[in-house]
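So the structure is just underneath, and the comments pick up after that.
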Amino acid sequence: MSNLIFSDSFINGEFYKTDTRFSVDDPATEKSIVNVSDIDEQGVNKAITAAQGAFSKLKATNATERSETLMRWYELVIKHKQTLAELMTKEQGKPLKESLGEIDYGAGFIKWYAEEAKRSYGDVIPATDNNHRLTSFKQPIGVVAGITPWNFPVAMVTRKVAPAYAAGCSFILKPSEHTPLCAIALAYLADQAGFVKGAFNVLVSQNAKKVGEMLTDSEVVRKFTFTGSTGVGKQLLSQCASTIKRTSMELGGNAPFIIFDNADINDAIDGLMAAKFRNSGQACVAANRIFIQRNVLNEVLEKITPKIAALKVANGFEEGVDIGPLIYPKAKEKVQQLIQDALNKGATLIGDQRDLGGSFQNPVIITNVTTHMDIYHQEVFGPVLTVIPFDNEAEVLALSNDVPYGLAAYFYSQNIKQIHRVSEALEFGMIGINEGVISNPVAPFGGVKQSGLGREGGHQGLNEYLEEKYVCIRI
Ligand code: SIN
């Protein structure tokens, strides 16, 4: 199909239709794109059986074959880049230029794992006597199930499915009900690329809880991978406990973005604009608490205010747009509540608070933010720059680390000793130094503390789908 819009789940290489349907809406126009079928219990069970059968077939493949299949998938995704990007802007709302960027980013995981598929090395272990030979090697975990969010509808899927397939695992994906169309299109293209039938199944559903329970309860599913909120992640982890599944959890963040007074301020502002306004601020790695050393606070605010005022907020398909709509009206309501709570507690607003209608949120700056405000503790997930002045390094480190989350952190400094000290002291899984965009398929993405378990991307991402087997031979 030329527009790659499909409206049913995808199981065992075929579309699976049900009578119950729900609408996937364009967040910019609030109009329906298409009615998709909501999976039933029978469909979930069919996907589990299909994935189990596919895993048996995958065992007969070798790493080179899987690598070549992944490379064909990569090529198809790139061939359909424009169509997929348009589909993404339609269902997710982000500006088309960002969607095009996400297709490259998402396809990058497929290409990377096509390469890494061939590199799942084992070990030869020096024995402790002359009568034994000790080795260990890696085998695929088996059937994997995953739930992905709406904010990056392609990249969050490929960075799970590509390493799983590279390892030789089959996958059952439940994408967000707000953005299932990109996921179905990806599964369709994977099938065209020659994926083993049943190795990549997509379950479309509005009932994430029910589908999640069926997948976590299943003995067949040996690994569960989730990207989303910490609250849901905790629930899924507890559900996975009964069958002791391997898990990867990419959960919430509350990223500090620190500008020290010795930073190159113009560079810091560019980095901050990128770290804050990518995807309208709807990213777990988005800069959330902007700490600015007090003696450069005015300079930063004077320079960044006109840049923020110049951001164009509109439908992601319009020329020159920087900020698309938030995913749905409730998301905007939540952002506005956070702003209002901060203002009620003494913060100051810079910017235009005019209501742009629908789910469109104007970007604004909130200064004089303190730890008493909700906006300090919650992921804003919107285009709001939350500014907290600080006086010295020790103070900003204590503030940065004093949250339950530890996903990404950023800082700008030109002092090499400070760069080493601060990067070691920040309790976060990923650190951007003089850089506001750190995500990269070749690097390990993941958090510490309540931001998650495991890593996606890099050579580490393949191990998430492999079990280590130790072999001891007496000779
Ligand atoms: C996220 O933070 O939600 C994922 C973004 C990324 O991969 O860069």
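The values are calculated or read from the model by the stated rules, or taken from the named source; none is laboratory data. It should be emphasised that the depicted structure is a prediction, and the values quoted were computed from it without experimental measurement. Reconstructed Cβ throughout: ideal geometry from the backbone, glycine too, with neighbour counts over all protein chains shown. These accessible areas exclude ligands, DNA and RNA; they are computed on the full protein's heavy atoms, side chains included. Shrake-Rupley method; radii C 1.70, N 1.55, O 1.52, S 1.80 Å.
Considering only protein heavy atoms and a probe of 1.4 Å, how much of the accessible area of the chain is carbon and sulfur, as a whole percent?
Working: 9430 of 18800 Å².
Roughly 50 percent of what the probe reaches on the chain is carbon or sulfur.
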(request) Scan around A443 for amide H atoms under 5 Å from its own, H built in the peptide plane at 1.01 Å from N, and keep only partners 5 or more places away or cross-chain. (result) G458
(request) Report E333's accessible area, 1.4 Å probe, all protein chains in place, as a number in Å² to the nearest 10. (result) 100
(request) Would you give the gap between the C-alpha center of region 100-147 and the C-alpha center of region 364-396, rounded to a whole Å? (result) 40
(request) With 32 Å as the limit, write out which pairs from K209/K332; K245/K330; K97/K449; K46/K90; K97/K332; K138/K197 have Cα-Cα distances beyond it, or answer none. (result) K245/K330; K97/K449
(request) Rounded to the nearest Å, what's the spacing between the alpha carbon centres of region 34-66 and region 270-307? Just the number, please. (result) 43
(request) Show the residues, 5+ positions off or on another chain, whose built amide H is closer than 5 Å to the amide H of K174. (result) G146, I147, T148, L203
(request) Any chance you could give the angle, 0 to 90 degrees and rounded to 10, that helix 208-217 forms with the longest Cα principal axis of the chain? (result) 40
(request) Starting at the first residue of region 170-176, write each ³J(HN,Hα) from the Karplus equation 6.51 cos²θ - 1.76 cosθ + 1.60 with θ = phi - 60°, in whole Hz, x for Gly and Pro. (result) 9, 9, 10, 10, 10, x, 3
(request) Treating the angle as unsigned and between 0 and 90°, give the value, to the nearest 10°, between the Cα long axis of helix 230-241 and the longest Cα principal axis of the chain. (result) 20
(request) For A425, put the label point 7 Å out on the Cα→Cβ axis and report which residues of region 363-403 keep their amide N under 13 Å from it. (result) 391-402
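To the nearest 20 Debye, how big is the dipole of region 255-441 about its Cα centre, given +1 on the beta carbon of each Lys and Arg and -1 on that of each Asp and Glu? If you can, show how the numbers build up before the last one.
On the way: 14 positive and 22 negative charges, 66 e Å.
With Lys and Arg at +1 and Asp and Glu at -1, about 320 debye.
Have a look at the DSSP beta bridges in the chain and tell me what percent are antiparallel, nearest 5.
Numbers: 29 of 68 bridges.
Restricted to the chain, the bridges split so that about 45 percent are antiparallel.
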(request) Return the ratio Rg/(2.2 N^0.38 Å) for region 249-290, where Rg is computed over Cα atoms only. (result) 1.23
(message) Compute the helix-to-body angle for 329-344: its Cα long axis versus the longest principal axis of the chain, expressed 0 to 90° and rounded to tens.
(response) 40
(request) Please give the residues of region 253-283, grouped as numeric ranges, whose backbone N is less than 20 Å from a label point set 7 Å along the Cα-to-Cβ vector of N295. (result) 258-269
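Can you tell me what percent of all Cα-Cα pairs in region 132-254 are more than 18 Å apart?
Values: 3815 of 7503 pairs.
Result for the distance tail: 51 percent.
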(request) List, in order, the whole-Hz ³J(HN,Hα) value for each residue of region 85-91 obtained from phi through the Karplus relation with A = 6.51, B = -1.76, C = 1.60 and θ = phi - 60°; use x for Gly and Pro. (result) 5, 5, 4, 5, 4, 5, 8
(message) Using the Karplus curve 6.51 cos²θ - 1.76 cosθ + 1.60 with θ = phi - 60°, what ³J(HN,Hα) values do you get for each residue of region 95-105, in whole Hz, with x for Gly and Pro?
(response) x, 4, 5, 6, 5, 4, x, 5, 5, 5, 4
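Using the C-alpha gyration tensor of region 188-239, what are the square roots of 5 times its eigenvalues, in whole angstrom, with the largest one first?
Numbers: eigenvalues 119, 33, 23 Å².
Its equivalent ellipsoid spans semi-axes of 24, 13, 11 Å.
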(request) Work out how far the C-alpha atoms of the chain reach from end to end along every principal axis, then list the three figures in whole Å, largest first. (result) 70, 64, 39
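What is the extension gain from R119 to D19, computed as 0.36 nm multiplied by their sequence separation minus the C-alpha to C-alpha distance, in nm to one decimal? Please report the intermediate quantities before stating the final value.
Values: separation 100, 0.36 × 100 = 36.00 nm, distance 4.46 nm.
Between R119 and D19, full extension yields 31.5 nm more.
Classify region 299-384 as rounded, prolate or oblate from the Cα gyration tensor: take a ≥ b ≥ c as the square roots of its eigenvalues, call it rounded if a/c is under 1.5, otherwise prolate when a/b beats b/c and oblate if not.
Since a/c reaches 1.5 but b/c is at least a/b, the shape of region 299-384 is classed as oblate.
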(request) Find the centroid of the Cα atoms in region 206-260 and in region 428-448, then give the distance between the two in whole Å. (result) 21
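Which value, in Å², gives the accessible area per residue of the chain when a 1.4 Å probe is used on the protein heavy atoms? Before the final figure, lay out each step's value.
Values: 18800 Å² over 475 residues.
Roughly 40 Å² per residue, with all protein chains present.
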(message) Compute the orientation-averaged projected area for region 255-441 from the convex hull of its Cα atoms and round it to one decimal in nm².
(response) 10.4
